[in-house]
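The values are calculated or read from the model by the stated rules, or taken from the named source; none is laboratory data. Remember, predicted model here, so these are calculated numbers, not experimental data. Here Cβ is always computed from backbone atoms with ideal geometry, including for glycine, and neighbour counts include all displayed protein chains.
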Amino acid sequence: MPIELTERFIRQYGQLPSAIRHKVDKALRLLESDFRHPGLRSHPIQGAHGIFEAYVDIKYRMTFERRSDTFVLRNV
């Protein structure tokens, strides 16, 4: 499924250390191919209808929402 990045996501991504950006890149590839991939552990966020969270690594997460046939990345 196609991915769209918000300006906030791009700004936050740019502030991450290089090693974490590489992990985010990998997570984005997994999300694009299969958002249910076990490595992402994606799940809906309680109390935030339509917003999902996926793991980048043990410390970092990214949030996204599904708009028709596109994943919109919100935060990282």
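Of the strands (runs of 3 or more DSSP E) that lie entirely inside the chain, those containing 2 or more residues that are surrounded by 15 or more Cβ atoms within 10 Å (Cβ to Cβ) and in contact with a His (Cβ under 8 Å, 6 or more places away or on another chain) span 51-55.
Residues are listed down the side, and each one gets a yes or a no for (1) modelled with pLDDT of 95 or more; (2) touching an Asp or Glu at 6+ places or on another chain (Cβ under 8 Å); (3) at positive phi:
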{"position": "16", "(1), (2), (3)": "yes, no, no"}
{"position": "21", "(1), (2), (3)": "yes, no, no"}
{"position": "25", "(1), (2), (3)": "yes, no, no"}
{"position": "36", "(1), (2), (3)": "no, no, no"}
{"position": "53", "(1), (2), (3)": "yes, no, no"}
{"position": "63", "(1), (2), (3)": "yes, yes, no"}
{"position": "69", "(1), (2), (3)": "no, no, no"}
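Taken over the stretch 47-73, the criterion of being closer than 17 Å to residue 8 by Cα and aromatic (Phe, Trp, Tyr) is satisfied by 52, 60, 64, 71. Which of the residues belonging to the stretch 66-76 are under 15 Å from residue 27 (Cα atoms) and out of contact with any helix residue (DSSP H, G or I) (no Cβ under 7 Å at 6 or more places or on another chain)? Hit for the stretch 66-76 is 72, nothing else.
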